[in-house]
Amino acid sequence: MIKAFDMELIKRQIDLYIKADRKTKKRIIDEYIKLTGVKRKTAIKRFNRFIKPCKFRYEKSLTKRGRPVKYGSLEKDILRQIWELSGYLCGERLIWFIRQNRKIIEDMFSGYGKACERVININEGSCKYLISKFPKYKKRRYYKGNSDIYKYVAIDAHFSRFSNEGPGYFELDLVEHKDNSSSGLYAVTVNFVDVYSQFVSRYAGLGKDYQTINYITHKAIDKIPFNVLALHPDNEKSLLKMAYERSKTNTISCSRSRAYKKNDNSYVEQKNGDKVRKLVGYYRYDTELEVNLINQIYEIADLIDNYFIPSFKLKKKIIDEKGRVIKRVFSRPMTPYQRIMESKKVSEEVKEKMRKIYEGLNYLELKKKQDELISKLLNLKTGKMKITEIMDQECEVYA
């Protein structure tokens, strides 16, 4: 706190201090230090406290410091209207748009005078900067789409609970045959897996539109000899829409898995690799000929997998005190056909129909035919066999 004596000394010397040169200011500070006994920095700060208010009181200017404003609110408003008129172009394209349509813009903003001229002659950097400050444009949606389908199909995260209920509860999924390219039409396979019996039904089509998905799922369901009671796809819109439409017209329940939770569809996700990729590989199939070959392979593979190939089925999990799974117990391996025949929830008519199908099958002949079709498909894909040769072979078979 400054004492009254010190304050009086500063007031008497301040006018002389302000007008003095550097040497005189040094002498005044030295005298002040001798009389008050304060440090030099303290003395300088005390004199500066009196200088600054006087300086600002007499020398403050009304003019704003810095670069003058070139584009005010009027220019910004003109540029914003031109930006909206152009369809929200970027800065580089907007400059070109303004230059090309100079006369139209001058007629539109003729009453704005020099402000319009400044906007027309604006440089690219200023244009980009001003556009970045405008409110962001939100694209309108002019169509509703299929997003509402998620509201009507309920989520079921525990669909595997039907694994002991009986046959008829199917998980389904799409497998895309596109390799590394998503452009154009490519083949997709719809894969149905019964969680009780492990019964598999597959069919392929060209494209992912609703009409194609509806057709190939209809074909896949027709190959199932017993009743379909429930469908449980993932969040693929075309599959969901198909399942929902079927649930409205038939006695079929419909549910879906959680997004990005593959374990909700664990049965079909496991079969995708074993029953689809293992057969036809990861190639891109985008022709009708390739899709027809794939469906011929599936026709035989469904008979082999459902009537001759046994599979394990999880019976129970042994969990320790901390909730960790320490052991999984599986039932004895059985084919889907055997599980359906042992089920009490399947009618005798269905069992008799499947029994007749089984008795008329020969595994060796089916396996040989399947290997021939797979070899034909892969040779076609790798370029070892021309399309004309395959068509000639098919013509000979039909003849």
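The values are calculated or read from the model by the stated rules, or taken from the named source; none is laboratory data. It should be emphasised that the depicted structure is a prediction, and the values quoted were computed from it without experimental measurement. Here the Cβ positions follow ideal geometry from the backbone for every residue, glycine too, while neighbour counts run over all protein chains shown. Keep in mind that these areas ignore ligands, DNA and RNA; they rest on the heavy atoms of the full protein, side chains included. Shrake-Rupley method; radii C 1.70, N 1.55, O 1.52, S 1.80 Å.
Which residue pairs have Cβ atoms under 9 Å apart, sit 6 or more places apart or on different chains, and have a first residue in region 167-180 that is farther than 21 Å from residue 255 by Cβ and a second that is buried (at least 21 other Cβ atoms within 10 Å of the Cβ) and small (Gly, Ala, Ser)?
The qualifying pairs are 176/187; 177/187; 177/204; 178/187.
Give the residues of region 208-238 that are at pLDDT below 90 and open to solvent by less than 20 Å² (accessible area, probe 1.4 Å), sorted by residue number.
238
Show the residue pairs that are 6+ apart or on different chains and have beta-carbon atoms under 7 Å apart, the first residue being within region 219-230 and in contact (Cβ under 8 Å) with a residue 12 or more places away in the chain and farther than 13 Å from residue 196 by Cα, the second being crowded, with 17+ Cβ neighbours inside 10 Å and among the basic types (Lys, Arg).
Going by the 7 Å Cβ cut-off, the qualifying pairs are 220/202.
Let me spell it out: the conditions are (1) within 25 Å of residue 163 (Cβ to Cβ); (2) out of contact with any Ser or Thr (no Cβ under 7 Å at 6 or more places or on another chain); (3) surrounded by fewer than 22 Cβ atoms within 10 Å (Cβ to Cβ); (4) touching a residue at least 40 places away in the same chain (Cβ under 8 Å), and residue 250 meets all of them except one. Which number is the exception?
(4) is the only condition that residue 250 fails.
Out of the residues in region 98-117 that are under 14 Å from residue 80 (Cβ atoms) and part of a helix (DSSP H, G or I), state the one that is most open to solvent (accessible area, probe 1.4 Å).
108
Taking region 205-246 on its own, how many of its residues are of a type in the set (A, V, I, L, M, F, W, C) and more than 25 Å from the chain's Cα centre (by Cα)?
Looking only at that region, the number is 8.
Only one of 199, 162 is touching a Gly at 6+ places or on another chain (Cβ under 9 Å) and in contact (Cβ under 8 Å) with a residue 40 or more places away in the chain. Can you tell me which? Lay out the reasoning, then the answer.
Details: 199 fails: touching a Gly at 6+ places or on another chain (Cβ under 9 Å).
That would be 162, the only listed residue that is touching a Gly at 6+ places or on another chain (Cβ under 9 Å) and in contact (Cβ under 8 Å) with a residue 40 or more places away in the chain.
Among the residues of region 254-274, what is the count of those that are assigned to a helix (DSSP H, G or I) and open to solvent by 20 Å² or more (accessible area, probe 1.4 Å)?
8
Could you tell me which of the residues 326, 304, 318 is closer than 30 Å to residue 179 by Cβ and β-branched (Val, Ile, Thr)?
304 is the lone residue from the list that is closer than 30 Å to residue 179 by Cβ and β-branched (Val, Ile, Thr).
Identify all residues within region 50-77 that are part of a helix (DSSP H, G or I) and at pLDDT 80 or above; write none if there are none.
Within region 50-77, 73, 74, 75, 76, 77 qualify.
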